[in-house]
């Protein structure tokens, strides 16, 4: 058994599932045995290996519950096109957007994709993220969606970062189905989802429910099929327009409705009467140069639980830093500091159904921790682009 005591902790900041509050614990210690937190408080054994936290802040590792990391190359040329005034839709209409990522995945081997993805996983860990949800969605045919999920499975088995895979064949319509959208929906339901279920890697199924992408009717058909095959639903909802996707998320009992920049008052009301978590992605709004952020305070006022994530992807949000998302949530969404910590750790873990394992510093949970170079929580958003992390502990080991 490997044991480590984190000593001389200035402050632990973490959600407490018993009190259902984010709490600060001053001047304490943490006992880690193998990969599990065994005790928080007074620990007197002097024979155990120790790590001196030098009176600094300790928090849970971040849980990034919405990412798209399986792509071959970036799309920086589109960034230049946006700087010249083109919208996301206009870029897509010019042959950019997701089509270029589709071509990259289809023309790459599994090994080439793994080589491209591993450095991204390293970077997540360096930035304090210890668990991610990761979507397929740049293959958009059976062979390449299965290949993308196999890449995620390989990473999860061979990298320190924990990866929770999501099937997102309904990310967009591939070029060969440009004029036959219902035909692609049929392919998803009749071939792709059964093959994904047989492969056994994906835990969730996500659909981009948005005007110009998958309609309410099409989304319902895809999700009903996915649920029949044992996949748990999540939705990209109301990102650019109010399409009624938030209301649909409630009807289908989705675990999470993501984006929500254009959610309606009715959508907020419906979410407030459900268990659906609102996953907000302020990095996307920032990266696209928009000022239309999700209405976090309206959602909170109605009692909707909020998670926060990066939406890391090659086109609309090339951001991996959860500390920066922390800053955006404070400045642009106006969220209270403790709410942001819960949203980036515990609530995000809850959308992945792993909140009993990670997302807070509690006895019996995995020792996924950040030892910071700062001594209070406010200094995370205050430092903006700096990431003042001393050490990241993943599964009880410093990495």
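The values are calculated or read from the model by the stated rules, or taken from the named source; none is laboratory data. Owing to the predicted nature of the structure, the values given are computational and were not obtained by experimental measurement. Quick reminder, even Gly has a Cβ in these numbers, built from the backbone with ideal geometry, and neighbours come from all protein chains shown.
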Scan region 146-159 residue by residue and report those that are under 19 Å from the mean Cα position of the chain (by Cα) and within 17 Å of residue 101 (Cβ to Cβ).
148, 149, 151, 152
Qualifying strands (runs of 3 or more DSSP E) (wholly inside region 1-67; at least 3 residues being more than 23 Å from the chain's Cα centre (by Cα)):
3-16, 21-33, 36-41, 49-52
Out of (1) out of contact with any strand residue (DSSP E or B) (no Cβ under 9 Å at 6 or more places or on another chain); (2) at pLDDT 95 or above; (3) assigned by TED's automatic domain parsing to the domain that holds residue 163, the odd one out for residue 73 is which?
(2)
Given the criteria within 26 Å of residue 211 (Cβ to Cβ) and loosely packed, with under 15 Cβ neighbours inside 10 Å, does residue 139 qualify?
no
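So that you can scan it fast, the table gives a plain yes or no per residue for (1) assigned to a loop (DSSP other than H, G, I, E, B); (2) closer than 20 Å to residue 380 by Cα; (3) assigned by TED's automatic domain parsing to the domain that holds residue 90:
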| position | (1), (2), (3) |
| --- | --- |
| 293 | yes, no, yes |
| 300 | no, no, yes |
| 304 | yes, no, yes |
| 307 | no, yes, yes |
Answer yes or no: is there a residue in region 4-16 that is surrounded by fewer than 18 Cβ atoms within 10 Å (Cβ to Cβ), in contact (Cβ under 8 Å) with a residue 40 or more places away in the chain and under 28 Å from residue 120 (Cα atoms).
no
Kindly indicate whether any position in region 98-114 is more than 18 Å from residue 316 (Cβ to Cβ), out of contact with any strand residue (DSSP E or B) (no Cβ under 7 Å at 6 or more places or on another chain) and buried (at least 24 other Cβ atoms within 10 Å of the Cβ).
yes
When region 342-399 is checked residue by residue, the ones that are surrounded by 21 or more Cβ atoms within 10 Å (Cβ to Cβ) and part of a loop (DSSP other than H, G, I, E, B) are 345, 352, 358, 359, 360, 361, 365, 367, 368
